[in-house]
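A short write-up of the structure that comes next.
Here, each number is a calculation from the coordinates, and none is a lab measurement. All values derive from a computational prediction rather than experimental measurement. Reconstructed Cβ throughout: ideal geometry from the backbone, glycine too, with neighbour counts over all protein chains shown.
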């Protein structure tokens, strides 16, 4: 009996070791960098669509779905979308590895646990991006308004308004955290920054502007979710596209949206630096 238990434990250790080796393999690391680069391209496309909204042009969605659909319409767009899918899957695997086994370069236990939790959340984000890009590449259009359907489901539960309100507040806090990270340049802790002073400055400045702009956009989505809870109306809860278009409809909104769009473009450029210098 003891021998059987010991054998099972040994098999489990071997499986864990094998999985860790695969997750930390060079192909996955290269794929992760490619995925971060792809994330930058996605944000540049979203920034371009947001600028079109600000100037009253175009009917595309100013979010990930709209970005992928815009890319699909270009020559070789579907091929590029499948490349994005591979990159996003690789980033998801890399983030999963970090969530399970932690950050080898982070000595503080509390910080390591927090970063592992963040990485676990990012696994879901990149899996969703991979699915969305894959559906768009296959001609599926990327799906419908899942966020509104989920909100409607929550509102229908006992205490649903409180649940949706709590989700909205959580999104606002996440946006605020992104702004704080940008303001304090926390993102440099996960990067081996370039030694060239000019390149380092560009990476830091685009990171700061990008994190702050993305934080504002995320917080605005959270505000809309809270409004949906207060008004008991799932239609008020929407994603980035509606959030940016809501901003554009406000007094001086187009000018504010231009600033946010430029910030999202900065985040896209920062991702190119991150793809090169992030510790993977």
Can you tell me the length gained on complete extension of the stretch residue 128 to residue 30, counting 0.36 nm per residue apart and subtracting the Cα distance?
33.2 nm
Exposure-ranked with fewest Cβ neighbours within 10 Å first, 76, 272 stand as 76, 272
From Cα pairs below 8 angstrom and at least 6 apart in sequence, can you work out the relative contact order of segment 158-280, rounded to a whole percent?
35 percent
Sorted by packing (mean other beta-carbon atoms within 10 Å per residue), highest first, where do 43-53, 95-105 land?
43-53, 95-105
How large is the convex hull of the Cα atoms of segment 26-277 per residue, expressed in Å³ as a whole number?
142 Å³
Express in nm, to one decimal, how much length is gained between residue 163 and residue 104 on full extension, taking 0.36 nm for each residue of separation and deducting their alpha carbon distance.
17.6 nm
Return the distance in nm (one decimal) between the two label points of a simple spin-label model at residue 205 and residue 73, each offset 7 Å from Cα along Cα→Cβ.
3.3 nm
How much length is gained on full extension from residue 111 to residue 193, taking 0.36 nm per residue of separation minus their Cα-Cα distance?
27.5 nm
